[in-house]
Amino acid sequence: MVLTRRAHKAISRWLPNEIITEIVQLTPQSDQVSLSRVSTLFRDLCLPILYRVVRLNSLASVEAFCAAVLSNNSLAELVRSYTVVDFFGVQSPSLVGLVRLEDLSLHHSLADTDLRDLLGLIFPHLVRCRLRTATLESGPRYAYPSAEKQDALMSFLLRHPALENLHIEDPYHKEVWSSQSARIPLLHLQRLQCPARIVPSIDTTNLRRARLCWNTGIFGPLGPAQVENIVVSLRSMAHSDIPFGCSNDHCDSCLPAVVDSLSRNMPATRTLLLHVSYELNQVRCFS
């Protein structure tokens, strides 16, 4: 996009900023970057658009973003959505200034120190969150016990009661999630995706959809009593007047107990998916 000084003056004179902003939002990101360099006006209009949704998919993009927000706090305040689609290191100090963040999504496992630092942060406006609790192997120097990690995650959730969509992954099934007497109030939660063991720790009544992973990995299969406790907790989360959908991944070893408990405790479920894993990573779906 080429914008002459004369054209810039004409546009800014005859079009209100709101209209210019709408036009800029429809242009490719590369053109938005070019426009931000045309003048102070276009910089002020383009930067909120460029930094509103941050999606980083390379080490260079992570380093550039971190350098930008650490040198200019006002840029960090523009970010509403922050996604890292591969592991390049989170660099938690750069996230401290994201005080308006609404959506945090980290698709890959973190180093132990990165996860610990991240879980110590507070995002007052966070409503959507995706985290992987399993960490990259980083040697005994950075040993981070499962119990400590669980406490850190629970503390993180307690500091973010406005969450509406929560996705917690434990891809290697290494974490132990103990039941807690005090449940974490997430009263606005509508969508939950997590290991099944986490369900009894969460308190909400407006859940619309849940996706649970029943794979217990090195800890052995869940018994019928444990499955029943999880499903009863899930039932208490779902509002009876809201159509509910439940997906269940990797429930091989406890499939009969899951089906039996769901049929007895949640017969009004509108959508039910059962994903059963077999050898060679084959997956079958029943609906």
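The values are calculated or read from the model by the stated rules, or taken from the named source; none is laboratory data. Everything numeric here is computed off the predicted structure, so don't read it as measured data. Because the Cβ atoms are built from the backbone with ideal geometry, glycine has one as well, and the counts that use them run over all protein chains shown.
Things worth noting here:
- Members of the stretch 218-232 found to be among the small types (Gly, Ala, Ser) and modelled with pLDDT under 85, listed by number: 220
- Restricted to the stretch 89-114, and to residues there that are touching a Ser or Thr at 6+ places or on another chain (Cβ under 7 Å) and modelled with pLDDT under 75, the residue that is surrounded by the fewest Cβ atoms within 10 Å (Cβ to Cβ) is 111.
- Count of residues meeting criterion [assigned to a helix (DSSP H, G or I) and free of Cβ contacts under 8 Å to residues at least 40 places away in the same chain] in the stretch 209-232: 8
- All told, residue 84 falls short of being under 20 Å from the mean Cα position of the chain (by Cα), at pLDDT below 85, assigned by TED's automatic domain parsing to the domain that holds residue 169 and not basic (Lys, Arg).
- For the stretch 123-139, the set of residues classified as modelled with pLDDT of 90 or more and either farther than 20 Å from residue 65 by Cβ or outside the structural domain of residue 169 (by TED's automatic domain parsing) (or both) consists of 124, 127, listed by residue number.
- Among the residues examined, residue 235 does not qualify as modelled with pLDDT under 85 and not in a loop (DSSP other than H, G, I, E, B).
- Residue check for residue 159: basic (Lys, Arg), modelled with pLDDT of 75 or more and more than 14 Å from the chain's Cα centre (by Cα): yes
- Check on residue 276, at pLDDT 90 or above, within 25 Å of residue 130 (Cα to Cα) and touching a helix residue (DSSP H, G or I) at 6+ places or on another chain (Cβ under 8 Å): no
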